[in-house]
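The values are calculated or read from the model by the stated rules, or taken from the named source; none is laboratory data. Fair warning: this is a prediction, and the values are worked out from it, not measured in the lab. Here the Cβ is made from the backbone with ideal geometry for all residues, glycine too, and neighbour counts use every protein chain on show. Ligands, DNA and RNA are stripped out before the accessible areas are found, and what is left, the full protein with its side chains, is counted by its heavy atoms. Shrake-Rupley method; radii C 1.70, N 1.55, O 1.52, S 1.80 Å.
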Amino acid sequence: MRNITKRDSKSSSIIPELERLRDDSRAVVVVPILKKTGKASADIVAQPATRSDESRLEEATGLALAIDLDVVHGMIVSVAQPKPGTLLGTGKIEEIGHVLSEKDAGLVIVDHPLTPVQQRNLEKEWNAKVIDRTGLILEIFGRRASTREGTLQVDLAHLNYQKGRLVRSWTHLERQRGGAGFMGGPGETQIEADRRLLQDRIVKLERELEQVRRTRQLHRSKRKKVPHPIVALVGYTNAGKSTLFNRMTGAGVLAEDMLFATLDPTLRRLKLPHGRMVILSDTVGFISDLPTHLVAAFRATLEEVLEADLVLHVRDLSDPDNQAQASDVLRILADLGIDEKEGAERIVEVWNKIDKVEPEVREALVKKAASADNTVAVSAMTGEGVDDLLTEIGRRLSGVMTECTVVLGLDQLQLLPWVYQHAIVDGREDLEDGRVSLDLRLTEGEATELERRLGNGPKAVEEDW
Ligand SMILES: Nc1nc2c(ncn2[C@@H]2O[C@H](COP(=O)(O)OP(=O)(O)OP(=O)(O)O)[C@@H](O)[C@H]2O)c(=O)[nH]1
């Protein structure tokens, strides 16, 4: 039912320079540390919400690997005083230059936003291509987008990124040449023309996106009539959402050891142990320090989460940074409108990858999860704890109303008083042939009772999502 327009990962690239570099993609990853951050504590559950320098390097390397780059070296460089023209100081630039020639690398990934001027200057200094964090994330998003909406969102984010860089270069040029007096010069005219071209494409894409969203909204309101609660999986990138999704549904969603393997939400029906159906939704992974306009671009994808009856927050407990990652995820959920109070009722913490942690830590984690009200420890890989998770989902949803449309035949009209007494009737249509169609909201117990009284079960609306 979904409009799939998969980008050909071999032939198209969001960043043209990366396209050209595909055959020579030996890369060095540089993580500039502008401010000292705290070290990861040994207590992986209660450590402070800061990321260690090492894990930043690990994450940046993971991002580079996710677009098939051959990472030959990674470096953490401390920056005492950021230089406006190059970000890094002369000594560091030289040091990195040596590494580049030693490792025969032609690409540097700088895990920090760079201005166009900084990027250009560093490229000149190193005689190598330089990609900043925003560019890298855009490239990953571009390769992973699989639905029409996802692709449009990425293209739009990229155009906005380009536009911002054009504007900045223009301001820079203008300043260099002495200000407004040169407004009509040939350089500015070209930049103005480029800007107009970009703006036209942005407007066109925004219109297209609006259309796709409207269609999705229609699907969504139809889906709302599907008589099953929605359970959404969220979590930091690589936490194991897709693996858990597959484990729970038996579905073949792409699960790879790559950041952002999932960009668009995927939906599957899932039967809980006691027979109740739910719709499970897999969503895009979260990441720290996501550039603001990228967050905005991907908000629509995450809005599915807002409509969920239950949110499973999947955490990789084997990652020493999981506490900081979890704080980031919760902050974004709060931004989306799931506030803390509501969140406590709607969020189940899923502590994943317990198979990967040391046995004694694992025992403590399982115990801690069992005694907490909203936590289940699992291994999506081995399946350990997944039955407990399904039971917990059922328990949490027991109070959630089921929505359905029931058509009462002529011989079932005597049930009308019972229905009005027990269900919330959102809509009624008396059909020409005498049958009555009802939009209902009921608790799970009432739905089962109605099913029993009807004899053949309620006739739900067609599930055409
Ligand atoms: N050892 C172990 N590995 C796991 C477990 N769950 C997931 N993994 C691995 O972790 C990696 C990431 O898993 P995914 O399911 O792709 O993660 P995700 O959260 O969907 O990732 P994004 O799509 O990037 O958001 C894969 O290599 C999985 O095999 C687990 O319980 N134990």
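So if R0 is 25 Å, what FRET efficiency would M381 and S327 give, r being the distance between their Cβ atoms, rounded to the nearest 0.05?
0.50
Can you run phi through the Karplus equation (6.51, -1.76, 1.60; θ = phi - 60°) for region 110-117 and list ³J(HN,Hα) in whole Hz, with x for Gly and Pro?
Result, ordered by residue: 9, 7, 6, x, 10, 6, x, 5 Hz.
State in Å² the accessible area per residue of region 309-450; use a 1.4 Å probe, count heavy atoms of protein chains only, and round to the nearest integer.
Normalised by residue count, the accessible surface of region 309-450 is 49 Å².
So for the pair D373, D433, with labels modelled 7 Å out along Cα→Cβ, what separation do we get in nm?
5.0 nm
Using a 7 Å offset from the Cα along the Cα-to-Cβ direction at both D388 and S78, what is the distance between the two label points in nm, to one decimal?
4.2 nm
So for the pair H98, A334, with labels modelled 7 Å out along Cα→Cβ, what separation do we get in nm?
Label at H98, label at A334, 4.5 nm between them.
Roughly speaking, what is the stretch gain from R452 to E360, that is 0.36 nm per residue apart minus the C-alpha to C-alpha distance, in nm to one decimal?
Taking R452 through E360 to full extension adds about 28.2 nm, to one decimal.
Could you check how much of the accessible area of region 402-454 is carbon and sulfur, as a whole percent, using a 1.4 Å probe?
46 percent
Based on the Cβ-Cβ distance of R207 and L306, what FRET efficiency does E = 1/(1 + (r/R0)^6) give at R0 = 35 Å, to the nearest 0.05?
Between R207 and L306 the formula returns 0.90.
Of K103/K129; K83/K103; K241/K356, which pairs sit farther than 24 Å apart, going by alpha carbon to alpha carbon?
K83/K103
List the residues whose amide H sits under 5 Å from the amide H of N238, counting only those 5 or more places along or on another chain, with H placed 1.01 Å from N in the peptide plane.
Under 5 Å from the amide H of N238: F260, A261.
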